[in-house]
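Have a look at the structure below, then the notes.
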Amino acid sequence: MTASVQVVSKETPEVIEFNQLKSRTREEALKELVSEFGIVYVTALTRQGCSGCETQKPLFKTLAEKVGRENPEKVLFRSFHVNYLDGDKHESWNSKRIFGHAAYPTYMIHVKSHVGPLEIYRSIYPPMEELEKQIKESFELADFYKTEAKVPGINA
């Protein structure tokens, strides 16, 4: 059983196997996924067989294309899709262990700071308008931490 990560963009989406994260801690996974200053990281956590996930999938893709086009090089969208074959809950448990979420679909927004990845927003099944609002409000914070990282004495 595998799960994948899809980076949504105007180009061909990149697919990364979710099982690369299974043996990691939450801190290790987030440090790798939220790696650059000045970027707003938007993550969707979805699961096979989740009707809400299927409903929101095209909406999330449309939002990613719109916001990505308006803010190139400032935002990165990812979709972690957890397989749920024959009721086998192991991948879902691993996703919940790493990301600490309660249900699907869950959306998170992170930015990198000098103390590491910071979660700015988290919601289960939000309206895409709310997610877009939260993304746009996070750009200023991402820029702040990028500028702060350049200040001598602040560890990046």
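Computed from the coordinates by the stated procedures, all read-outs in this text should not be read as laboratory data. Quick caveat: nothing in here was measured; it's all calculated off a predicted structure. For neighbour counting, all protein chains shown are included, and Cβ atoms are generated from backbone atoms with ideal geometry for every residue, glycine included.
The lysines within cross-link reach of LYS96, meaning a Cα-to-Cα straight distance under 16 Å and a gap of 8 or more places when in the same chain, are LYS22. For the range 61-138, the Kirkwood estimate of the hydrodynamic radius, built from every pair of different alpha carbons, is 14.1 Å. Between amide H atoms placed 1.01 Å from N, distances below 5 Å from GLY38 occur with LYS112, LYS146, all of them 5 or more places distant or on a separate chain. In whole percents, the pair-distance distribution calculated for the range 42-90 from its alpha-carbon pairs, binned every 5 Å from zero, is 5, 20, 25, 19, 13, 9, 6, 3, 0. If r is the Cβ-Cβ distance from GLU73 to GLN48 and R0 is 41 Å, what FRET efficiency results, to the nearest 0.05? In this case the efficiency is close to 0.80. When you restrict to C-alpha pairs under 8 Å that are six or more residues apart and normalise by the size of the range 83-156, the relative contact order lands at 26 percent.
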